[in-house]
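Participant: Structure provided below as structure tokens; questions to follow.
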Amino acid sequence: MIKITLKTNRRSEMVDITARVERVVEEAGFKEGACIIFIPHTTAGVTINENADPSVQSDIQAVLSRMVPAGAGYSHLEGNADSHIKAGLMGSSVCVLVEGGKLQLGTWQGIFFCEFDGPRHRQVWVSFLRE
Amino acid sequence: MIKITLKTNRRSEMVDITARVERVVEEAGFKEGACIIFIPHTTAGVTINENADPSVQSDIQAVLSRMVPAGAGYSHLEGNADSHIKAGLMGSSVCVLVEGGKLQLGTWQGIFFCEFDGPRHRQVWVSFLRE
Amino acid sequence: MIKITLKTNRRSEMVDITARVERVVEEAGFKEGACIIFIPHTTAGVTINENADPSVQSDIQAVLSRMVPAGAGYSHLEGNADSHIKAGLMGSSVCVLVEGGKLQLGTWQGIFFCEFDGPRHRQVWVSFLRE
């Protein structure tokens with residue numbers, strides 16, 4: 001398992017980690033199979049979506065905040081119940097196929113770390129599974 | 001990696017791809033492990049749900065459209081911000097276990113390609129991971 | 001594939017299955033790779049979230065029930081359309097890395113079986129993939 005560290009800057013933020021994951025695949029010399037990208041946090045998630053127009057990322061955050069408003073009478077008293085729920089909706093891991101040592105993503109796809117309770121220092125765990 | 005191609009017919013549509021994935025597993029002669037079904041698009045997703053009553057599929061689409069309405073003042077100006085967000089909620093891949101050369105699904109489960117910005121020509125990427 | 005069985009007690013309930021999955025990993029003697037936790041049902045899902053404060057789990061259920069209300073004019077006539085949709089939002093499987101024979105989870109993470117149409121007897125399928 002390889003650990004990527006990152007620092008987020010806002011409460012809610014989508015950080016494109018595609019290039020960092022690609023570098024991990026390259027440095028590990030992993031050739032054929034799948035790459036698992038796992039988030040070891042409960043107020044952050046990971047998703048794959050469009051990396052061309054950044055407005056897609058802000059639209060995703062805006063809709064999630066409308067569906068799961070901050071401070072809407074939750075039982076959890078740490079002020080981040082919404083962050084936990086958004087993390088659950090996005091998910092804790094994604095799986096990307098690897099061929100010839102390269103991550104296989106569609107033309108417009110990028111891998112995004114989804115911060116929902118930042119700013120914080122965060123980790124992303126990357127591992128490989130054999131074909 | 002094996003590529004399945006499909007043609008969707010409506011803007012929003014759930015296409016049961018279970019039989020096509022089963023055929024890929026059979027033709028590959030893959031016996032034990034897991035099958036990854038990955039969608040290389042950012043306005044389509046994949047999910048596992050009931051394949052008996054088609055009304056479940058229309059209910060899923062109806063609720064997603066109520067949660068993420070089309071044309072609701074998004075920043076992304078291509079008219080498909082809702083499609084990107086729905087794809088994110090469903091996810092870009094599913095994992096199904098394989099035993100004795102057969103996909104292991106529950107009695108009522110089917111694998112559905114989730115089109116959110118059709119009609120389009122689409123791909124589904126299938127690969128196998130060893131136990 | 002190892003099958004865990006469980007009995008849920010309410011219509012909507014999140015059951016922490018972390019310890020049971022850990023026991024399966026230990027008993028299988030599996031050392032390095034990933035553990036797939038798959039739910040073979042269409043009205044239940046699985047997610048990873050905070051296991052310290054149980055109010056996080058009730059908040060998740062409350063928000064899902066507000067987003068997908070029971071009995072809100074669905075086409076599916078078995079009275080559990082909402083359960084199918086919630087299961088789709090949570091997802092049918094999670095993937096957790098394994099190192100040195102131990103599940104690798106973040107400090108606050110637990111694995112939760114998400115019952116949306118209980119009480120019922122349910123299964124969880126666990127399998128391993130090699131690094």
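The values are calculated or read from the model by the stated rules, or taken from the named source; none is laboratory data. All values derive from a computational prediction rather than experimental measurement. Cβ atoms come from the backbone with ideal geometry, glycine included; neighbour counts cover every protein chain shown.
Participant: Any residue at all in segment B:44-59 that is of a type in the set (Ser, Thr, Tyr) and over 16 Å from B:ARG122 (Cβ atoms)? Quick ask: steps written out before the conclusion?
Facilitator: Applying the first criterion (of a type in the set (Ser, Thr, Tyr)) to segment B:44-59 yields B:47, B:55, B:58.
From what is left, the residues that are over 16 Å from B:ARG122 (Cβ atoms) are B:55, B:58.
Looking for residues that are of a type in the set (Ser, Thr, Tyr) and over 16 Å from B:ARG122 (Cβ atoms), one finds at least one in segment B:44-59, hence yes.
Yes/no per residue for (1) acidic (Asp, Glu); (2) surrounded by 21 or more Cβ atoms within 10 Å (Cβ to Cβ); (3) closer than 30 Å to A:GLY71 by Cα:
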{"position": "C:ILE39", "(1), (2), (3)": "no, yes, no"}
{"position": "C:THR43", "(1), (2), (3)": "no, yes, yes"}
{"position": "C:ASN49", "(1), (2), (3)": "no, yes, yes"}
{"position": "C:ALA52", "(1), (2), (3)": "no, no, yes"}
{"position": "C:SER58", "(1), (2), (3)": "no, no, yes"}
{"position": "C:ALA62", "(1), (2), (3)": "no, no, yes"}
{"position": "C:SER65", "(1), (2), (3)": "no, no, yes"}
{"position": "C:ALA70", "(1), (2), (3)": "no, no, yes"}
{"position": "C:GLU78", "(1), (2), (3)": "yes, no, no"}
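Participant: Identify all residues within segment C:79-105 that are in contact with a strand residue (DSSP E or B) (Cβ under 8 Å, 6 or more places away or on another chain) and under 19 Å from A:VAL126 (Cα atoms); write none if there are none.
Facilitator: C:SER93, C:VAL94, C:CYS95, C:VAL96, C:LEU97, C:VAL98, C:LEU103, C:GLN104, C:LEU105
Participant: Got at least one residue in segment C:14-30 being modelled with pLDDT of 95 or more and within 14 Å of A:SER92 (Cα to Cα)? Working first, answer last.
Facilitator: Going residue by residue through segment C:14-30, those that are modelled with pLDDT of 95 or more are C:14-30.
Imposing the further condition that a residue be within 14 Å of A:SER92 (Cα to Cα) reduces the set to none.
Scanning segment C:14-30, I find no residue that is modelled with pLDDT of 95 or more and within 14 Å of A:SER92 (Cα to Cα), so the answer is no.
Participant: Hey, another quick one. Being among the aliphatic types (A, V, I, L, M) and touching a Leu at 6+ places or on another chain (Cβ under 8 Å) is true for just one of B:LEU89, B:LEU77. Which residue is that? Give the steps one after another, and end with the answer.
Facilitator: Details: B:LEU77 fails: touching a Leu at 6+ places or on another chain (Cβ under 8 Å).
Exactly one of B:LEU89, B:LEU77 is among the aliphatic types (A, V, I, L, M) and touching a Leu at 6+ places or on another chain (Cβ under 8 Å), namely B:LEU89.
Participant: Another question, then. Considering only segment B:88-98, I want to know if a residue exists there that is out of contact with any His (no Cβ under 7 Å at 6 or more places or on another chain) and surrounded by fewer than 18 Cβ atoms within 10 Å (Cβ to Cβ).
Facilitator: First, the residues of segment B:88-98 that are out of contact with any His (no Cβ under 7 Å at 6 or more places or on another chain): B:88-98.
Filter again for surrounded by fewer than 18 Cβ atoms within 10 Å (Cβ to Cβ), leaving none.
Within segment B:88-98, not a single residue is out of contact with any His (no Cβ under 7 Å at 6 or more places or on another chain) and surrounded by fewer than 18 Cβ atoms within 10 Å (Cβ to Cβ).
Participant: Do we have C:SER75 as of a type in the set (Gly, Ala, Ser) and within 17 Å of the chain's Cα centre (by Cα) here?
Facilitator: Working: of a type in the set (Gly, Ala, Ser): yes; within 17 Å of the chain's Cα centre (by Cα): no.
No, not satisfied.
Participant: Give just the number: which of (1) more than 21 Å from B:LEU89 (Cβ to Cβ); (2) free of Cβ contacts under 8 Å to residues at least 40 places away in the same chain; (3) small (Gly, Ala, Ser) does A:ALA70 not satisfy?
Facilitator: (1)
Participant: Every residue in segment B:1-19 that is in contact with a strand residue (DSSP E or B) (Cβ under 8 Å, 6 or more places away or on another chain) and over 24 Å from A:CYS35 (Cα atoms), please. Working first, answer last.
Facilitator: Step one: list which residues in segment B:1-19 are in contact with a strand residue (DSSP E or B) (Cβ under 8 Å, 6 or more places away or on another chain), which gives B:1-8, B:10-18.
Answer for segment B:1-19, where residues must be in contact with a strand residue (DSSP E or B) (Cβ under 8 Å, 6 or more places away or on another chain) and over 24 Å from A:CYS35 (Cα atoms): B:LEU6, B:LYS7, B:THR8, B:ARG10, B:ARG11, B:SER12, B:GLU13, B:MET14, B:VAL15, B:ASP16.
Participant: Just one of A:ILE39, A:ILE85 is closer than 26 Å to B:SER75 by Cα and not polar (S, T, N, Q); which is it? Break it down stepwise before answering.
Facilitator: Working: A:ILE39 fails: closer than 26 Å to B:SER75 by Cα.
Being closer than 26 Å to B:SER75 by Cα and not polar (S, T, N, Q) holds for just one of A:ILE39, A:ILE85, which is A:ILE85.
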